[in-house]
Amino acid sequence: MLGIIGKKVGMTSVFSEEGKNIPCTVIKAEPNVVSQLKSIDNDGYRAVQIAFDDVKEKNTNKAQVGHFAKAGAAPKRRIHEFKDFRDDSDHEIKLGEEVTVEIFNEGEFVDVIANSKGKGFQGVVRRHGFAGVGDATHGQHNRLRAPGSIGAASFPARVFKGMRMAGRMGGKRVKTMNLQVVKVIAEENLIVLKGSVPGHKGAYVIVEK
Amino acid sequence: MNYNYGIFAALKFEMMDLLKKVESEYLTQDLPEFAAGDNVTVYYKIKEGNKERLQPFQGTVIQRRNSGTAETFTVRKMSGGIGVERIFPVNSPLIDHIKVNRRGKVRRARIFYLRERTGKKARIKEKRN
């Protein structure tokens, strides 16, 4: 599995050859650096750690500076591990190597992971897709978006764990799967994906295939 | 880049520039200038089976809205006494070309008042240079 860390730029639309207007999300992913190669001997498992977004050295603690110095890189803000970081070719990943948007090809399908936008305290209609009461009349009053019954009575005499109720929504790690790569602009380090991606503009996103 | 708006505003501008860069490739280059009030003919590509033909749609532009690849314009015409409006994306590759027949002199950017008017009242003065 290959992947890269980037930032969400925003949404726009492009035209396909058939004249269809395709909604697109633009992601800017400046070259990531391979900051650590985890091995079974050292760490008990194999993984490739990539890092993105430079931080000033004075704002980084010495342990981190040292960690990135091993890979010959400046300190970074975000890191992410991939378990099986390779493509079909025999290319051996080396420490300090750059990972660019060129790992993606047009037409491919990718997944995007990010923290979703916080929605605040939301009711069950928005949070869990409940249908609400359905009738505004016929004896209904102030319960149009109410959840209805949350369980039985003296048996079991409690509400089951995990019952879907109102509460905080969003601000969670979300993975959007199978987004098609519309375009890769290598000079600008941009990836254009079809459809929407979790997170606000400027949010860190992980694109993987 | 030297924006005097602070770092967050500067980042915002930078991101907008990137979006424009992505869009720029999809914009039609050789469009004539036209605005609300103009009488235009839009030649739209229609696919029938595996044949392609051009379908003209002539009428008055009553608005242009949005920007970039999302920009659209609305053309209104009277067809057999019934008003017909059609919305085209300005940069759609399906628009073969646009012919401007007459430049209209109107005071506003969206001339929706045309919808309530028919006949002589729906006339638009011609703009002469």
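The values are calculated or read from the model by the stated rules, or taken from the named source; none is laboratory data. Bear in mind that the values here come from a model prediction, so they are computed numbers and not experimental data. With ideal geometry, Cβ positions are generated from the backbone for all residues, glycine too; neighbour counts draw on all protein chains shown. Quick note on the areas: whole protein, heavy atoms, side chains included, nothing else; ligands and nucleic acids left out. Shrake-Rupley method; radii C 1.70, N 1.55, O 1.52, S 1.80 Å.
Taking the alpha-carbon centroid of each part, what is the distance from segment B:46-67 to segment A:52-68 in angstrom?
56 Å
For the interface of A with B, what's the total buried accessible surface in square angstrom, probe 1.4 angstrom, rounded to the nearest hundred?
It comes to approximately 1500 Å² buried between A and B.
Which whole-Hz ³J(HN,Hα) couplings does segment B:40-55 yield from phi under the Karplus relation 6.51 cos²θ - 1.76 cosθ + 1.60, θ = phi - 60°, glycine and proline marked x?
Couplings: 10, 10, 9, 9, 10, 6, 10, 9, 10, x, 10, 9, 10, 9, 9, 10 Hz.
Pick from B:L18, B:L27, B:L94 the residue whose mean-square fluctuation is largest in a GNM of chain B, springs joining Cα atoms under 10 Å.
The residue with the greatest mean-square fluctuation here is B:L18.
If amide H atoms are built 1.01 Å from N in the plane of the peptide, which residues on other chains or at least 5 residues away come under 5 Å of the amide H of B:K127?
Excluding prolines and chain starts, which carry no amide H, the hits are B:R103, B:G104, B:K105.
Keeping the other protein chains in place, figure out the carbon and sulfur percent of the accessible area of segment B:30-122, with a 1.4 Å probe.
45 percent
Note the angle between two axes, namely the Cα long axis of helix B:6-24 and the longest principal axis of the Cα atoms of chain B, as a number of degrees from 0 to 90, rounded to the nearest 10.
For B:6-24 against chain B, the angle is about 50 degrees.
Looking at chain A as a GNM with Cα springs under 10 Å, which of A:V197, A:V112, A:V14 has the largest mean-square fluctuation?
Of the options given, A:V14 has the highest mean-square fluctuation.
May I ask you to give the percent of accessible area on segment A:1-113 that is carbon plus sulfur, with a probe radius of 1.4 Å?
Details: 2900 of 6430 Å².
Ligands and nucleic acids excluded, carbon and sulfur give 45 percent.
Using just the helices of chain A, give the 222 nm mean residue ellipticity in deg cm²/dmol: DSSP H runs with n ≥ 4 each add -39,500 (n - 2.57), and the total is spread over all residues, rounded to 500.
Calculated at 222 nm, the ellipticity per residue is -2000 deg cm²/dmol.
Order these peptides, B:101-113, A:83-95, by their mean beta-carbon neighbour count within 10 angstrom, highest first.
Numbers: B:101-113: 13.8, A:83-95: 10.2.
Those peptides, ordered most packed to least, come out B:101-113, A:83-95.
For A:K62, give me every one of the lysines with a C-alpha distance below 29 angstrom, ignoring sequence neighbours fewer than eight places off in its own chain.
Partners found: A:K7, A:K28, A:K38, A:K70, A:K76, A:K83, A:K94.
Compute, for segment A:46-162, the length of the dipole vector about the Cα centre, with Cβ point charges of +1 (Lys, Arg) and -1 (Asp, Glu) only. Units Debye, rounded to 20.
Roughly 1280 debye for segment A:46-162.
How much area per residue is accessible in segment A:36-108 when the probe is 1.4 Å and only protein heavy atoms are counted (Å²)?
Accessible surface, normalised per residue, equals 70 Å².
Averaged across orientations, what area in nm² does the convex hull of the alpha carbons in segment A:35-95 project?
4.6 nm²
For B:N129, what charge total do you get from the other residues with a beta carbon under 14 Å from its beta carbon, if Lys and Arg give +1 and Asp and Glu give -1? Provide the component values of the computation, followed by the final result.
On the way: positive: B:R102, B:R103, B:K105, B:K125, B:K127, B:R128; negative: B:E33, B:D38, B:E126.
Taking every Cβ under 14 Å from that of B:N129, the sum is +3.
For segment A:8-22, state which residues have at least 30 Å² less accessible area in the presence of all protein chains than in their chain by itself, taking the probe as 1.4 Å and leaving out ligands, DNA and RNA.
A:V9, A:T12, A:S13, A:V14, A:F15, A:G19
Scan around B:H97 for amide H atoms under 5 Å from its own, H built in the peptide plane at 1.01 Å from N, and keep only partners 5 or more places away or cross-chain.
Under 5 Å from the amide H of B:H97 lie the amide H atoms of B:Y43, each far enough along the sequence or on another chain.
Kindly write out, for segment A:131-138 in residue order, the coupling ³J(HN,Hα) from the Karplus curve 6.51 cos²θ - 1.76 cosθ + 1.60 (θ = phi - 60°), rounded to whole Hz, with x marking Gly and Pro.
Along segment A:131-138, the couplings run 8, x, 7, x, 10, 8, 10, 6 Hz.
What residue among A:V48, A:V159, A:V182 has the largest mean-square fluctuation in a Gaussian network model of chain A, using Cα springs under 10 Å?
Top of the fluctuation ranking is A:V159.
For segment A:82-92, take each phi angle, set θ = phi - 60°, evaluate the Karplus expression 6.51 cos²θ - 1.76 cosθ + 1.60, and give the result in whole Hz per residue in order, putting x for glycine and proline.
With coefficients 6.51, -1.76 and 1.60, one gets 10, 6, 10, 8, 6, 9, 5, 6, 8, 4, 8 Hz.
Using a probe radius of 1.4 Å on heavy atoms only, what accessible surface per residue do you get for segment A:121-170? Whole Å² is fine.
Here the per-residue accessible area is 82 Å².
Return the tail of the calculated pair distribution for chain A, meaning the percent of Cα-Cα pairs more than 28 Å apart.
When all Cα pairs of chain A are counted, 47 percent exceed 28 Å.
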